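*Asks:* One structure, pasted below without further comment.
The values are calculated or read from the model by the stated rules, or taken from the named source; none is laboratory data. Being a predicted model, the structure only gives us computed values, none of them experimental. Positions of Cβ are backbone-derived with ideal geometry, glycine not excepted, and every protein chain shown enters the neighbour counts. When the accessible area is computed, the model is the full protein with side chains, heavy atoms only, and any ligands, DNA or RNA have been set aside. Shrake-Rupley method; radii C 1.70, N 1.55, O 1.52, S 1.80 Å.
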Amino acid sequence: MLETIKWLEKYFNQSPDAIMIFKDDELVLSNQLAQLLEQEFNLSADYLLQIAKNAWQQNENNDCATCLIKSQMKHVTTPVSFEQNDNKSISFSLVYKPLDRQENVFALTIENRDQQERLSNVEQQRLLNRYVTRAHEKERQRISQDLHDSIAQGVFSAIMGVRRISHEDLSPDELAQVSQAVEIQLQATLGEIKGMALDIRPSVLDSFGLIPAIKALAKRLQANSGVTINVLAAAKTAELSTDVQNVLYRICQEAINNALKHARPSEINVILTSHPHFIQLEVMDDGTGFDMSKHHGFNGHSLGLMNMNERVEALYGSFNISSTLHEGTTVTVKFPYNSNKKGTGELNV
Amino acid sequence: MVLEKAKQSRDYQQLVNRLFQATDYDFVAVALQDSFAPFLIKWRYVAGNQNERFRQITLRRGFGIAGLVFRTGKPFFSSELNQYSFANEMYTPIAAAESLNSAIAIPLSTSLGSVNGVLLAGYRTEKLVGQAQVDKLIQLVNQ
């Protein structure tokens, strides 16, 4: 029995969280980490106790008496952050756990939130990786299907036409008709090939820049969808790096496609403007919109948005999406013009 | 040549108007394929339209019910056009532009027999369409 207590004590002392146990608001037991924290940050146990009690009272007194979530919460957690000597603050979670209500014994645990955040970041990254891999595979599947369904089909029809011309005994009228049919077929196929090339990688973007590329994209999607897509571009894009231009183009493409797929809009507006210190892209639709609160966090729907966000942030930009049910959605992307401060020469935004 | 063209366009507009008046369809339209490269297919004559968005549409062979008529030369119909999302090959742009729920599309052929146009008639309401409506419409067109 004594041995067991020794082990428990050892474990208690080596816990990655600082633990303090109180009886009647008096500190009776604390592990090594808690003592270290007290010294390091010049904290008093009373002070922490006050914070925890405040949070506890708030939790007790608020109006959600019948709150389902609250009834499932066994302890109260409050975020706290301590300032270090060099003005860096570290975030912790302060957890209040009653141990014995009759004896009025409870524990305060200080959990390192950095660690938790890092863990959830790792998890996010994993999900995102999986999403991107899957999206790549889907894209290939779509290209393969397009090649098979429309290109191969078109070429096959043309071959059949040519075969008729060479093997059958056709009157001049019929000959003219069949050869025109073949021409039309090949023209349509050519159109499809050009469309696919544009989907995969717009050559306009490389040769003429961002704005003509977005305009060409909008024109094509408008012709294919029956939805009006206006492009209002009043920005200087020549100084933007290719990376930023690529991301702006892709976001534009993804946002328009999302709107067409999910929102049933009648009009989409793409607005590209430059400001003294940043360039801004907005894609607005007047479609069904969605409830932002329901799509927050990680579910299948928001991974596409998360991926856009990652791509923008990787180039020091900011990404925002706002939507109201039945009132449409707006995607906003901003990139700084002069980010020399960041010091990475290759970016040259 | 020019006179002939004018006559043809008047004929198509008259056909569209006649069908729109003689039936209870909310929208009737004809798409024709250009006779010159790159042989674009566009909606040229409409009746009952809500807006001018039909002018922006370029039909793709094999996509949407009208595009399928171009590829196959056979009539097509659907009563759930509003179900198809943009990624679906049955997505019909004209249905999105004119908020059609159901529509039928029949081929228009040249005197030599190749398909160079499509006639589409549709409802904005929940009305169902089927082979009977297709037969009826073909009969009306040939009158």
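*Asks:* Could you grab me the full set of residues in segment A:178-198 that are within 12 Å of another protein chain (Cβ to nearest Cβ), free of Cβ contacts under 8 Å to residues at least 12 places away in the same chain and under 26 Å from A:Leu221 (Cα atoms)?
*Replies:* Scanning segment A:178-198 gives A:Glu183, A:Ile184, A:Gln187, A:Leu190, A:Gly191, A:Lys194.
*Asks:* While we're on this one: Considering only segment B:48-64, state which residues are outside any loop (DSSP other than H, G, I, E, B) and either buried (at least 21 other Cβ atoms within 10 Å of the Cβ) or within 7 Å of chain A (Cβ to nearest Cβ) (or both).
*Replies:* Passing the criteria: B:Arg53, B:Phe54, B:Gln56, B:Thr58, B:Gly64.
*Asks:* Given the conditions (1) aliphatic (A, V, I, L, M); (2) more than 13 Å from chain B (Cβ to nearest Cβ); (3) touching a strand residue (DSSP E or B) at 6+ places or on another chain (Cβ under 9 Å); (4) open to solvent by less than 80 Å² (accessible area, probe 1.4 Å), which single one is not true for A:Leu128?
*Replies:* (3)
*Asks:* Just the residues that are within 13 Å of another protein chain (Cβ to nearest Cβ), surrounded by fewer than 14 Cβ atoms within 10 Å (Cβ to Cβ) and not in a strand (DSSP E or B), please, taken from segment B:74-113.
*Replies:* Listed by number, the residues that qualify are B:Gln83, B:Ser85, B:Ala87, B:Asn88, B:Thr110, B:Ser111, B:Leu112, B:Gly113.
*Asks:* Tell me the residue from A:Glu310, A:Glu267 that is at pLDDT 90 or above and of a type in the set (Asp, Glu), please.
*Replies:* None of the other options fit; the residue is A:Glu267.
*Asks:* Does A:Leu175 satisfy being within 12 Å of chain B (Cβ to nearest Cβ) and not in a helix (DSSP H, G or I)?
*Replies:* Here the answer is no, as A:Leu175 does not meet what is asked.
*Asks:* Run down A:Ile271, A:Ile211, A:Ile251, A:Ile256 and say which single residue is closer than 15 Å to A:Asp199 by Cα, more than 14 Å from every other protein chain (Cβ to nearest Cβ) and buried (at least 16 other Cβ atoms within 10 Å of the Cβ).
*Replies:* A:Ile251 is the lone residue from the list that is closer than 15 Å to A:Asp199 by Cα, more than 14 Å from every other protein chain (Cβ to nearest Cβ) and buried (at least 16 other Cβ atoms within 10 Å of the Cβ).
*Asks:* Here is a follow-up. What single numbered condition from (1) in a loop (DSSP other than H, G, I, E, B); (2) buried (at least 17 other Cβ atoms within 10 Å of the Cβ) fails to hold for A:Gly191?
*Replies:* Among (1) in a loop (DSSP other than H, G, I, E, B); (2) buried (at least 17 other Cβ atoms within 10 Å of the Cβ), A:Gly191 violates only (1).
*Asks:* Of all residues being aromatic (Phe, Trp, Tyr) and assigned to a helix (DSSP H, G or I) in segment A:34-84, which is modelled with the highest pLDDT? Just the residue, please.
*Replies:* Among those that are aromatic (Phe, Trp, Tyr) and assigned to a helix (DSSP H, G or I), it is A:Tyr47.
*Asks:* Contact list please: Cβ distance under 9 Å, first residue in segment A:143-167 and within 11 Å of another protein chain (Cβ to nearest Cβ) and farther than 18 Å from A:Leu198 by Cα, second residue part of a helix (DSSP H, G or I) and of a type in the set (Gly, Ala, Ser), pairs at least six apart or on different chains.
*Replies:* Between residues of segment A:143-167 that are within 11 Å of another protein chain (Cβ to nearest Cβ) and farther than 18 Å from A:Leu198 by Cα and residues that are part of a helix (DSSP H, G or I) and of a type in the set (Gly, Ala, Ser), the close pairs are A:Gly154/A:Ala188; A:Ser157/A:Ala181; A:Gly161/A:Ser179; A:Gly161/A:Ala181.
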